[in-house]
Amino acid sequence: MKESKLWSLHIFSGAILLILLGIHMVIMHFDKILHLGDSLAWQSVLTRMQSTAHTVIYLLLLLFAVYHGLYGVRSLIFELNLSKKGRGVVSFIVVIVGLFALIYGAYTIITGHMAKLS
Amino acid sequence: MAEKNLESKFETHLKDVTFKVLRYSGEGDSTKFEEYKVPVIGGMTVLEGLIYIKENLDNTLSWRASCRMGICGSCGMFINNFPMLACQTQIMDLNSDVIEIKPMPNYPIIKDLVPDLTKLIEKHKSIKPYILRNDNAPEEIEGEFYQGVEELERYEQFTFCIKCGICLAACPTVATAEEFTGPQALAQAYRYSVDTRDQGFDERKEVVDNPLGVFRCHFAGSCSEACPKGVDPALAIQLLKKAIVKDSLFGKKLVHDTKILPIKQENPKKKDNIPPAPPKSVE
Ligand code: HEM
Ligand code: HEM
Ligand code: SF4
Ligand code: FES
């Protein structure tokens, strides 16, 4: 794909992260201020994992964070005078790492959502 | 006679300044600083200081300069850790008794203060820095391209570039990524593409829409900070990104409908309010 498209997606994912990661961080760190209880307690984690809204947010956050982070890492490595072949190898590794993170992350979110725990 | 003039000229000097110059023989050995005491007179530039050293203290010192008036782009150097034109930098303005001069960073060095600018020129050429046409103008079109003031202003400041390469010396991305197209060439890619007489946007896009092209700019802005001609390459780069993204995502091409004014008028009509030419003063 053209660099212009990959880069646009990087910037777009950054904007989405601002919102989704914003929500995530507010929930995780401002629990005392916002009286959400203890956000990191087993029961709160479970409640969120079981809710559809949070499941959707986490799937999107996972997708955009993985793309954004890995595209960023790829461009940083590209700025180190690699050969064309070297750049090919880096892109390949980045895609494999990304796919692994997406599959494993999605698996965690979905099993968490489906699990019949109480 | 000339010598006497020189002596009297430096008799009235304002102060002595130490020029600490990084020397390199060009033969692969190590670099070392050498110090020279230069008597500074009013209005003296760093380049004139270097000329003084070469004429009076050490004729083995090498640098590159030509016009001495900030227009040829030859004399870029790293003066007190900032890339500047030596001929455009007043010694007194530096406000320092020691002036450290090194060759421009981000270039291979040929000797002493002489950088190898081949890469800069290659990058500049790669973006086709001239008006490109699909038709065969000017062979086929009899007329002149009309351009309004606003259309001119879209690119005018970028035409002030003198290819000194100082922006590449300042660029933190070029510092690690040698093959990054760089601010000079990218600014020119924009300058020509946005010119209403040009039709070469697609060709230039091919050159810069790649993993080491325009999208490697992180907008540090150092190029614009350093440019001695007041060009704002960083602005051109962001506008170029915008034009390319618009094209590649939404298919909105940067095309111009060039207006052509015919030159050959059958009966050119003179306006009434134009006064007659003055009488000839020379036969
Ligand atoms: C100190 C900061 C962080 C804390 C305490 C934290 C905590 C958590 C917790 C407890 C969960 C489980 C879900 C839940 O309880 O609702 C979770 C999930 C998640 N977090 Fe964070 N997180 C932090 C930072 C981040 C950052 C910086 C990112 C993104 C770059 C991120 C991305 C995610 C994603 C994608 C999930 C979904 C889980 C999965 O894929 O298995 N988190 N986080
Ligand atoms: C609030 C959320 C975020 C926003 C608004 C954001 C925005 C951006 C922007 C605009 C860039 C481009 C910078 C440039 O080209 O110089 C960037 C680069 C980058 N981002 Fe993010 N980002 C966010 C979160 C993250 C997270 C959570 C990660 C890690 C998983 C990350 C990793 C990177 C990396 C590695 C780069 C490349 C560094 C660079 O280009 O200088 N970002 N980000
Ligand atoms: S943009 Fe400015 S700094 Fe860069 S080459 Fe042109 S004149 Fe020199
Ligand atoms: S000598 Fe020409 S720009 Fe300095």
TODO: Run down A:Ser51, A:Ser91, A:Ser44 and say which single residue is within 14 Å of another protein chain (Cβ to nearest Cβ), more than 16 Å from ligand 3 (Cβ to nearest atom) and either open to solvent by less than 40 Å² (accessible area, probe 1.4 Å) or within 16 Å of B:Arg216 (Cβ to Cβ) (or both).
DONE: A:Ser91
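Yes or no, residue by residue, for (1) more than 14 Å from chain A (Cβ to nearest Cβ); (2) within 16 Å of ligand 4 (Cβ to nearest atom):
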residue: B:Gln88; (1), (2): yes, yes
residue: B:Pro108; (1), (2): no, no
residue: B:Val114; (1), (2): yes, yes
residue: B:Arg133; (1), (2): yes, no
Open item on the list: Within region A:14-28, take every residue that is aliphatic (A, V, I, L, M) and in contact (Cβ under 8 Å) with a residue 40 or more places away in the chain and give me the one that is farthest from ligand 3 (Cβ to nearest atom).
Closed with: A:Leu20
Open item on the list: From the list B:Leu254, B:Leu240, exactly one residue is modelled with pLDDT of 95 or more, outside any strand (DSSP E or B), surrounded by 10 or more Cβ atoms within 10 Å (Cβ to Cβ) and not charged (D, E, K, R). Which is it?
Closed with: B:Leu240
Task: Positions within region B:1-36 being of a type in the set (Lys, Arg) and either modelled with pLDDT under 90 or open to solvent by 80 Å² or more (accessible area, probe 1.4 Å) (or both), in sequence order - done: B:Lys4, B:Lys9, B:Lys32
- [ ] Can you give me the number of residues within region B:148-191 that are under 13 Å from B:Lys123 (Cβ atoms), more than 16 Å from ligand 4 (Cβ to nearest atom), not in a loop (DSSP other than H, G, I, E, B) and not polar (S, T, N, Q)?
- [x] 7
- [ ] Hey, can you tell me all the residues within region B:184-215 that are within 12 Å of another protein chain (Cβ to nearest Cβ), of a type in the set (Asp, Glu) and in contact (Cβ under 8 Å) with a residue 12 or more places away in the chain?
- [x] B:Asp209
Task: Top-ranked residue of region B:163-177 - restricted to ones that are open to solvent by 20 Å² or more (accessible area, probe 1.4 Å) and within 19 Å of the chain's Cα centre (by Cα), ranked as farthest from the other protein chains (Cβ to nearest Cβ) - done: B:Lys163
Task: Unmet criterion (only one of (1) on the phi < 0 side of the Ramachandran plot; (2) open to solvent by less than 60 Å² (accessible area, probe 1.4 Å)) for B:Gly73 - done: (1)
- [ ] Would you mind stating whether B:Gln184 is more than 16 Å from ligand 2 (Cβ to nearest atom) and modelled with pLDDT of 95 or more?
- [x] yes
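The values are calculated or read from the model by the stated rules, or taken from the named source; none is laboratory data. As the structure is a computational prediction, the values presented were derived from the model and not from experiment. Neighbour counts are summed over all protein chains in view; Cβ atoms, including those assigned to glycine, are modelled from backbone coordinates with ideal geometry. SASA here: full protein model, heavy atoms, side chains in, ligands and nucleic acids out. Shrake-Rupley method; radii C 1.70, N 1.55, O 1.52, S 1.80 Å.
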